[in-house]
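K.L.:
Here it is: the structure, laid out below.
Nothing in this text is a laboratory measurement; each read-out follows from the coordinates by a stated rule. All figures in this text were calculated on a predicted structure; none of them were measured in a lab. Heads up, the Cβs are rebuilt from the backbone with ideal geometry, glycines too, and the neighbour counts pull from every protein chain shown.
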Amino acid sequence: GIATLEQDTIELHKDDGLVSEVLTSDVVDGLKGRLGLGSVRYPTTGTPSMQDAQPFVVAFPENGIANSHNGNLVNYTDMREVLKKGGGHLSSKCDAEIIINVFARQVSEHRGDLFKAAESCMKLFDGAYAEGVITGKGDLFAFRDPHGIKPLCYGWNDELFMVASESVALDTNRIPLKGQVKPGEALLLRKGKLTKRQLMKKRFATCMFEYVYFSRPDSVLDMGNVYEIRVKLGELLARDWPAKADIVVPVPDTARPAAEGFSRASNIPVAEGLIKNRYVARTFIMPKQKDREVAVRMKVNPLQSVLKGKRVVLIDDSIVRGTTTANLVNLVRGAGATEVHVRITCPPIIGPCFYGIDMSTHKELIAANHSVEEIRKKMGADSLAYQKIESLNEALGLKADDVCNGCLHERYPTPFARKVNELLKKKGSKSRYWEDTTTVH
């Protein structure tokens, strides 16, 4: 969806579907005004529907406020109840709507001071949130949670100022990257003047999965270029978990840089043994398991001329539920590979993510319920090795305390997430935390 400021009114257009389906050329051509806010993220709190699509708009104060949100509000149920008790009306299950309603109330309480409103929100919210906001008075405002779990950057040229989750959005618009919004920082663009203010400081805890999988390889995040970090992840895999093989084969597309790194460090040539169907979406971000399984079969095709008779090191970025990797091992072996050695750039995922990555229950995580050897047997691989957590941190160039590795060891950076995780484990809940209204009250 997209919200634009036309004169002094925020206009909203959003629907359920791909960008090309919702934001058609006719829709874009009809957008007017000098200020806009867009979202292409499917909700990890809520459902993939128009009702839960972003942006969200409230009518007051500031002649209206709209937001686009990346992350997850962990104290979702508590904040929802606070709003309802205060007479608030919510039309969706998306946490972005809760955030903009709480923010709007704080703006009113602080007499239009956006910085003080954001600081108050930081004291109320538990979770990951990178927020883009526009107001009916023509302000562009952005703020990032105090741990900096989700990325947020900004830049400008002679014509445009932009804030985005990934720097590639700036590249597309030929806008130089000027910097990353710091954890706990907010910035305001008002009448052409940029003001930045540090509102809160806590330990840095950047999401490791942005670097392993989620972000585009050409993005620049807090710790640098994502492509270079993924190459390093592959090099460290080869150092820690070598394999005797003839070729290194990446699972397209996110594992390509890591395969390059593994090849450099091992002197085993990299080969494109799996060809991707570019008309199929990324399987991990499909909300339904059935959709993911069908997509895997359609997504890649093994190249028999490359794989037949070869000992293969198969490089993938992560194993979450295990279905994708098992299918890929079968494809590679079925194309004639004599051995398949699986190497994973992410350590075993044993806990849910409460901060915006769609892995929400312990039961769906294969590494939470099986040993590495059990997983290897299930997949039919000759060997299986995961990245070590300390090697992941090494690739990022960070100390252990500066990374959100909560899904790897269940030591989450925010207190509410730790509480929810323990309650969900104790109950053996199959629901996601925001669906289970009995989890945290």
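K.L.:
DSSP beta bridges in the chain, what fraction antiparallel, as a percent rounded to 5?
P.N.:
Working: 48 of 65 bridges.
Of the beta bridges lying entirely in the chain, close to 75 percent run antiparallel.
K.L.:
Rank the residues V248, V58 as a footprinting-exposure proxy: fewest other Cβ atoms within 10 Å of their Cβ go first.
P.N.:
Values: V248 28, V58 19.
Arranged by neighbour count, lowest to highest, V248, V58 become V58, V248.
K.L.:
So, one more: So what's the angle, to the nearest 10 degrees on a 0 to 90 scale, between helix 226-240 and the longest Cα principal axis of the chain?
P.N.:
30 degrees
K.L.:
When a/c is below 1.5 the answer is rounded, else prolate if a/b is larger than b/c, else oblate, so apply that to region 223-412 with a ≥ b ≥ c taken from the square roots of the Cα gyration tensor eigenvalues.
P.N.:
On the way: a/c = 1.58, a/b = 1.20, b/c = 1.32.
Verdict is oblate for region 223-412.
K.L.:
Okay, next question. If I model a spin label at V27 and F60 as a point 7 Å from the Cα along the Cα→Cβ vector, what separation in nanometres do I get?
P.N.:
Label-label distance for V27 and F60, simple model: 3.0 nm.
K.L.:
Under the Karplus relation 6.51 cos²θ - 1.76 cosθ + 1.60, θ = phi - 60°, what is the ordered set of whole-Hz ³J(HN,Hα) values for region 125-138, x standing for Gly and Pro?
P.N.:
Couplings: 8, 10, x, 10, 7, 10, 10, x, 9, 10, 10, x, 8, x Hz.
K.L.:
Checking the table K150/K196; K299/K399; K85/K196; K116/K178 against a 30 Å threshold on Cα-Cα, which pairs fail? All intermediate terms of the calculation are to be shown ahead of the outcome.
P.N.:
Values: K150/K196 18 Å; K299/K399 37 Å; K85/K196 34 Å; K116/K178 24 Å.
From K150/K196; K299/K399; K85/K196; K116/K178, over 30 Å: K299/K399; K85/K196.
K.L.:
Considering only DSSP beta bridges where both residues belong to region 223-412, give the percentage that are antiparallel (nearest 5). Don't skip to the answer; put the middle values down first.
P.N.:
Numbers: 3 of 18 bridges.
Among the beta bridges of region 223-412, antiparallel pairing accounts for roughly 15 percent.
K.L.:
Now a separate question. With angles folded into 0 to 90 degrees, how steeply does helix 415-427 sit against the dominant principal axis of the chain? Use alpha carbons for both and round to 10.
P.N.:
Approximately 60 degrees, to the nearest ten.
K.L.:
Label R190 and K388 with points 7 Å out from Cα along Cα→Cβ: what is the distance between them in nm?
P.N.:
5.2 nm
K.L.:
Using only Cα atoms, find the angle between the long axis of helix 114-124 and the longest principal axis of the chain, and express it within 0 to 90 degrees, rounded to the nearest 10.
P.N.:
60 degrees
K.L.:
Also, quick follow-up: Note down the magnitude of the dipole of the chain about its Cα centre, charges +1 on Lys and Arg C-beta and -1 on Asp and Glu C-beta and zero elsewhere, to the nearest 20 debye. Spell out each step's value before the answer.
P.N.:
Working: 61 positive and 54 negative charges, 183 e Å.
The dipole magnitude comes to about 880 debye.
K.L.:
Using DSSP to call loops (not H, G, I, E or B), can you name the trypsin sites (Lys or Arg not before Pro) in region 154-251 whose Cβ has at most 13 other Cβ atoms within 10 angstrom? The partial results should precede the final answer.
P.N.:
Details: sites: R174, K178, R190, K191, K193, K196, R197, K201, K202, R203, R230, K232, R239, K244; in loops: R174, K191, K201, K202, R203, K244.
In loop regions of region 154-251 (DSSP not H, G, I, E or B), the sparsely surrounded trypsin sites (Lys or Arg not before Pro) are R174, K191, K201, R203, K244.
K.L.:
Here's something else I'd like to know. May I ask which residue of G136, P176, P146 lies farthest towards the positive end of the charge dipole of region 2-205, with charges of +1 (Lys, Arg) and -1 (Asp, Glu) on Cβ and the Cα centre as origin?
P.N.:
Going by the Cα projections, it comes out as P146.
K.L.:
Another question, if that's okay. Magnitude of the Cβ-charge dipole of region 223-412, K/R +1 and D/E -1, about the Cα centre, nearest 20 debye? Mind dumping the intermediate values first?
P.N.:
Details: 27 positive and 22 negative charges, 132 e Å.
Dipole size: approximately 640 debye.
K.L.:
Further question: What is the distance, in nm, between label points placed 7 Å from the Cα along the Cα-to-Cβ direction at V40 and at K244?
P.N.:
It is 4.6 nm.
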